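J.: Would you mind keeping the following structure in view while I ask a few things?
The values are calculated or read from the model by the stated rules, or taken from the named source; none is laboratory data. Every value quoted in this text rests on a predicted model; they were computed, and no experiment measured them. Quick reminder, even Gly has a Cβ in these numbers, built from the backbone with ideal geometry, and neighbours come from all protein chains shown. Ligands, DNA and RNA are excluded from the accessible area calculation, which covers all protein heavy atoms including side chains. Shrake-Rupley method; radii C 1.70, N 1.55, O 1.52, S 1.80 Å.
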Amino acid sequence: MQLPFAVRNPSLLTQLTPYVVAAPFNRPLLDVSPFGASPATVIDPTKLESASFLDLLHRLDGLTFGPEGMPMPKWVFYDCAEIPGAIYGLACPAERLWPVARELFQVPDGYAGLVPLSMYIALPMQTRGVWFGHNLASAGPALRTAGLLDVDLRGLGALTKGLALRCFGARTFWGATQWLSKALFIHVKFGPLRLATAWTPAHSEHETLTYGFDVTDASLRASMGDPTVTLPKIDPDFWLEGHDTTAMRDLQDRIEAGERFVIPGAPRHSQGAVHVPITQVPAWGPGLGHGLGG
Amino acid sequence: MLNNYAPILDSCEPFVIAHRGFSPSLPKQLRGMSIPDANVIDPQLREHADFLGLLRHLDTLCFGPNGMPMPSWVFYDCAVMPGGFFGLAIRAARLEPWCLEAMQVPAGYTGLVPVSQLIAIPMLAGFAASATPDTWLVYSLESINQVSPGFAPAGLQKLTLALGLQLFPIRTLYGTTQWRAHKLATYVDLGPLELVTAYTPAHSLPRTLSFRIDLQDVHLETLLAGPNVHAIAQAPNGWIDPDDADALMALQAEIEAGACIQLVGRPQYYGAQIRIPIHRVGAPKPLEAR
């Protein structure tokens, strides 16, 4: 696979092959060759022959989120990804998969198809081009824990999300994550994140933030590590500690009162604490951003 | 037609859950039933935490026995943010003590207690021709009566479906449900359902079906009246046993080979046996129908 720009870890492009899980009625609205990448193998979730691959996808989710207590039931894959939206990711052909990984994924004997090593799931929202992402999974951490220290999957998460958003035709993106989530380091690669919530009782983890950004060529290329793209830098006004629920509630109150904030850059780790930068910005209108009231 | 549902109209209030970027585009009235502004819930505001907690409890009661309660991150990421909820609710003060206990209503809570809900989310296919989606998926339809008969007036699920389908701008409806689910009879009352899948290993319960129906062909009055056979459904030319996985897989194989198969009536019960009428479009008519 080749892209018309440099990425953080070029070996991913040579080792892995793209796939997209898309129902036939959604497939025409997807770009299966984002940025001119080689066409993704299309997996049709309404076909019986896709069952083995979809089971491996479920396994990838378990390897990624099981330890955090948020694995996704299969019905959620089906009802909240495969039928309404799409899944894009990178995979390795089974015959080239490392033996330890075969065991970890519980690849069935005789299976000769693709084994997904990453995936990104998003759902279309109520306006064309506005998407809500709900799952970014990478086998990297699980493979390292299993002892595959020489397998270099650095940058896999960001590469997958960048290609996926182009595949989906996303122009505005929204998502939810926890203040302490390592995924926040990936999300900020797309540029400053608009905050729609800082404390979210509607989510199982109240310490969840809802964030969004405009999806542009520059934001996607920057996220994947293109060194020729530089996104504007914004200085933080203050830092929110990732365990400080009082500060989250206070920030939520200020958002509900009409103030607007962004996360301008990556969190900072020090002595067991995680500090997330926050910058107040001028209110851009009555709502929270594109797709959430303008 | 809503006169038949007077006990629900007398005791229940409609509610909507939609974020502030979507709720202004939704109608304020459904078949003469007003949706008060206070009953339009913004899931991003802290003040609605108690109501959202009760809604999650309703979901757990209804889907927990099937091993499919909705994780509340799914509730947020896959329901209230991309799509919306419509449902009916009863004021806590109007509920009997056993109902308050069943729904685990917090002491002192005086707000709405949800008794039914429908979740609809846009599908990518719905953007083929317009900037706003005309194709939606309903993947959850539930009523407290399915686990606690007598909690609320009968007919709750059907009225929730009929009104919910009018709330969202749906032209083509997709749905998923289990072959043995009682709500299948409610969906079939919409009209002939074209099967998208008959056996679905991608789902937690493989004996799940996926269907679609063009709502232009749906007469909601017919749904609300609930006839045994829908007016525009073809006569069945086959019957399917929902407990026979092999038969469902064979039906799935037919669909994958290009057959158009419709569900054309409610499940029929004969003791422990269940049969569901189907119509294979283009198949020869059975002898008795010629």
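J.: Just to check your reading of the model, which residue among A:Arg154, A:Arg128, A:Arg166, A:Arg144 is away from chain B (no Cβ under 14 Å) and modelled with pLDDT of 95 or more?
T.: Details: A:Arg154 fails: modelled with pLDDT of 95 or more; A:Arg128 fails: away from chain B (no Cβ under 14 Å); A:Arg144 fails: modelled with pLDDT of 95 or more.
Exactly one of A:Arg154, A:Arg128, A:Arg166, A:Arg144 is away from chain B (no Cβ under 14 Å) and modelled with pLDDT of 95 or more, namely A:Arg166.
J.: Could you grab the pairs with beta carbons closer than 9 Å, sequence gap of 6+ or different chains, first residue in region B:4-29 and at the interface with chain A (Cβ under 9 Å from one of its Cβ atoms), second one assigned to a helix (DSSP H, G or I) and among the hydroxyl-bearing types (Ser, Thr, Tyr)?
T.: Qualifying pairs under 9 Å: B:Ile17/B:Ser23; B:Ala18/B:Ser25.
J.: Quick one: in region A:58-95, which of the residues that are in contact with a helix residue (DSSP H, G or I) (Cβ under 8 Å, 6 or more places away or on another chain) and open to solvent by 40 Å² or more (accessible area, probe 1.4 Å) is nearest to the other protein chains (Cβ to nearest Cβ)?
T.: Among residues in region A:58-95 that are in contact with a helix residue (DSSP H, G or I) (Cβ under 8 Å, 6 or more places away or on another chain) and open to solvent by 40 Å² or more (accessible area, probe 1.4 Å), the one nearest to the other protein chains (Cβ to nearest Cβ) is A:Lys74.
J.: Kindly provide the set of residues from region A:142-186 that are of a type in the set (Val, Ile, Thr) and more than 11 Å from the chain's Cα centre (by Cα), ordered by number. I'd like the intermediate steps shown before the answer.
T.: In the first step, residues of region A:142-186 are kept if they are of a type in the set (Val, Ile, Thr); the result is A:145, A:151, A:160, A:172, A:177, A:186.
Within region A:142-186, A:Thr145, A:Val151, A:Thr172 meet the criteria.
J.: Which members of region A:1-47 meet the condition of being charged (D, E, K, R) and not in a loop (DSSP other than H, G, I, E, B)?
T.: Taking region A:1-47 first, the residues charged (D, E, K, R) are A:8, A:27, A:31, A:44, A:47.
Correct list: A:Arg27 only.
J.: Six or more apart or on different chains, Cβ under 9 Å: which pairs go from a residue in region A:162-185 that's outside any helix (DSSP H, G or I) to one that's β-branched (Val, Ile, Thr) and open to solvent by 30 Å² or more (accessible area, probe 1.4 Å)? Could you list them?
T.: Close Cβ pairs (under 9 Å, with a partner that is β-branched (Val, Ile, Thr) and open to solvent by 30 Å² or more (accessible area, probe 1.4 Å)) amount to A:Arg171/A:Thr216; A:Thr172/A:Thr127.
J.: Would it be correct to say that B:Leu167 is over 22 Å from B:Asn3 (Cβ atoms), more than 10 Å from chain A (Cβ to nearest Cβ) and at pLDDT 95 or above?
T.: Values: over 22 Å from B:Asn3 (Cβ atoms): no; more than 10 Å from chain A (Cβ to nearest Cβ): yes; at pLDDT 95 or above: yes.
Taking the combined requirement at face value, the residue does not satisfy it.
J.: Of all residues being closer than 16 Å to B:Ile213 by Cβ and part of a strand (DSSP E or B) in region B:122-142, which is farthest from the other protein chains (Cβ to nearest Cβ)? Just the residue, please.
T.: B:Leu141
J.: Turning to a different aspect of this structure: Among B:Pro69, B:Pro27, B:Pro43, which is open to solvent by less than 60 Å² (accessible area, probe 1.4 Å), part of a loop (DSSP other than H, G, I, E, B) and at pLDDT 95 or above?
T.: Values: B:Pro69 fails: at pLDDT 95 or above; B:Pro43 fails: at pLDDT 95 or above.
B:Pro27 is the lone residue from the list that is open to solvent by less than 60 Å² (accessible area, probe 1.4 Å), part of a loop (DSSP other than H, G, I, E, B) and at pLDDT 95 or above.
J.: While we're on this one: Would you pick out the residues in region A:188-198 that are more than 7 Å from chain B (Cβ to nearest Cβ) and either β-branched (Val, Ile, Thr) or open to solvent by 10 Å² or more (accessible area, probe 1.4 Å) (or both)?
T.: First, pick out the residues of region A:188-198 that are more than 7 Å from chain B (Cβ to nearest Cβ): A:188-195, A:198.
Within region A:188-198, A:Val188, A:Lys189, A:Pro192, A:Arg194 qualify.
J.: Select from region B:186-227 the residues that are of a type in the set (Gly, Ala, Ser), surrounded by fewer than 21 Cβ atoms within 10 Å (Cβ to Cβ) and more than 30 Å from A:Asp55 (Cβ to Cβ) and list them in ascending order.
T.: B:Ala225, B:Gly226
J.: For A:Gln252, work out the one condition from (1) within 14 Å of chain B (Cβ to nearest Cβ); (2) modelled with pLDDT of 90 or more; (3) open to solvent by 10 Å² or more (accessible area, probe 1.4 Å) it doesn't fulfil.
T.: (3)
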